[in-house]
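The values are calculated or read from the model by the stated rules, or taken from the named source; none is laboratory data. Just so it is clear, the structure is predicted and the values come from calculations on it, not from any experiment. Please note: Cβ atoms are built from the backbone with ideal geometry, for glycine as well, and neighbour counts cover all protein chains shown. In case anyone asks, the SASA skips ligands and DNA or RNA and just uses the protein heavy atoms, side chains included. Shrake-Rupley method; radii C 1.70, N 1.55, O 1.52, S 1.80 Å.
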Amino acid sequence: MGHEHFDPLRKLDDMAGLIAHVTGEPVERVVARLESERVRPGHSVADDFAKSGGPRYVWGPHMEAFYGETDAFIYELAVWNRNRMKAGLRRWTERHLARQNRPLDLLGIGDGLGFDCLHLARKQHRVTYFELPGKGERFARALFERSGAAVAVLTDPEAIGREAYDAITCFDVLEHVPDPPAMVWTLASHLRPGGLLYISAPFFMIHGGYPTHLKSNRKYSGRLAMYRAAGLRLVGGTMSWCPVILQKPGAEGASRSTLGCLGVTAMGPVFAIGRFAAWPFAPLHWVRRRGNRVFH
């Protein structure tokens, strides 16, 4: 079958076949799990985590072990990447990058299954995918190969070049890591002067469906301080903070969206509520469910 006919985001057979290839599960079982995750988003990871016996929302050896052992994230991310909200974020980022009017050297950090990197590679950008070794990384490799996409794959953080990228995407990652400010510093070090960082991090989503979101990171909700501390400045984004766009100083003629900055700044106090209470954001889980698309 030609590359142009392979489309896991639209075709259930392609998605299920790829997951079965990576996990070794029968295709029929994969299809059933995908449908279950679509109807009850987040339950694949939540149920598997409950079996592990470790405390939710707390970083430690149990959490690290869970990431290495579970295949539940593949199902969560397969459904999430088809979600209307995630598709909108992907398209919005692509259009913003297109304003640079040239192919860019892009780094996708924590892209999981690799769909964001694949999309941007198809827009003629030179894309590097970084993820720690595991089932998600193996899925992404197979996705790139079967799609005929020239996406470089890295699994060693030391292999990522300093000041090597014009832009970095980091979506839904920081809420999982034990030291977000340190990671932001690292991301900034990989950007060239004038480089753009696209961030989305729902620190406020401490919810039963997201047991690997860390409560210790709630204090960063609605705050830009850790990005500024890393030498980055706000240059745009959306009112939903999905994404926020930051820039490393040093390039002439850097573009800044006044409207985007105003939207991000105005909504900061709203998301800051998440530092103290998670329940006001619980309806977002329902919105996410409504955005899931039926596989055909």
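Tabulated data for the structure shown
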| item | result |
| --- | --- |
| Residue in the stretch 80-97 that is among the basic types (Lys, Arg), surrounded by fewer than 22 Cβ atoms within 10 Å (Cβ to Cβ), touching a helix residue (DSSP H, G or I) at 6+ places or on another chain (Cβ under 9 Å) and farther than 17 Å from Phe171 by Cα present | no |
| Residue identified as under 26 Å from Arg40 (Cα atoms) and surrounded by 15 or more Cβ atoms within 10 Å (Cβ to Cβ) among Tyr210, Tyr198 | Tyr210 |
| Members of the stretch 228-246 found to be over 11 Å from Ile199 (Cβ atoms) and touching a residue at least 60 places away in the same chain (Cβ under 8 Å), listed by number | Gly236, Thr238 |
| Subset of the stretch 133-159 [in contact (Cβ under 8 Å) with a residue 24 or more places away in the chain and over 18 Å from the mean Cα position of the chain (by Cα)] | Ala142, Arg146, Ser147, Gly148, Ala149, Ala150 |
| Residues (closer than 30 Å to Gln100 by Cβ, assigned to a loop (DSSP other than H, G, I, E, B) and touching a residue at least 60 places away in the same chain (Cβ under 8 Å)) located in the stretch 247-292 | Lys248, Ala254, Ser255, Gly291 |
| Residue count, the stretch 178-237 (criterion: of a type in the set (D, E, K, R) and touching a Gly at 6+ places or on another chain (Cβ under 9 Å)) | 3 |
| Residues of the stretch 29-40 classified as in contact with an Asp or Glu (Cβ under 9 Å, 6 or more places away or on another chain) and open to solvent by less than 10 Å² (accessible area, probe 1.4 Å), total | 1 |
| Residue count, the stretch 6-46 (criterion: over 13 Å from Leu143 (Cα atoms) and in a helix (DSSP H, G or I)) | 20 |
| Residues that are surrounded by fewer than 22 Cβ atoms within 10 Å (Cβ to Cβ) and of a type in the set (A, V, I, L, M, F, W, C), drawn from the stretch 126-142 | Leu132, Ala142 |
| Qualifying residues in the stretch 1-28 (those that are over 22 Å from the mean Cα position of the chain (by Cα) and closer than 13 Å to Asp71 by Cα) - the one most open to solvent (accessible area, probe 1.4 Å) | His21 |
| Inter-residue pairs, beta-carbon under 9 Å, first under 28 Å from Val31 (Cβ atoms) and in the stretch 57-74, second open to solvent by less than 30 Å² (accessible area, probe 1.4 Å) and of a type in the set (Asp, Glu), 6+ apart | Ala72/Glu37 |
| Residues of the stretch 47-57 classified as part of a loop (DSSP other than H, G, I, E, B) and under 14 Å from His207 (Cβ atoms), total | 2 |
| Among residues of the stretch 47-79, those that are open to solvent by less than 40 Å² (accessible area, probe 1.4 Å) and either of a type in the set (Phe, Trp, Tyr) or in contact with an Asp or Glu (Cβ under 9 Å, 6 or more places away or on another chain) (or both), counted | 11 |
| Exclusive hit being open to solvent by 50 Å² or more (accessible area, probe 1.4 Å), under 29 Å from Ala46 (Cα atoms) and over 16 Å from the mean Cα position of the chain (by Cα), set Arg275, Arg256, Arg218, Arg192 | Arg275 |
| Selection count, the stretch 98-125, where residues are open to solvent by less than 40 Å² (accessible area, probe 1.4 Å), touching a strand residue (DSSP E or B) at 6+ places or on another chain (Cβ under 7 Å) and of a type outside the set (A, V, I, L, M) | 8 |
| Qualifying positions in the stretch 86-129 - in a strand (DSSP E or B), without any contact (Cβ under 8 Å) to a residue 60 or more places away in the chain and not polar (S, T, N, Q) | Arg126, Val127, Tyr129 |
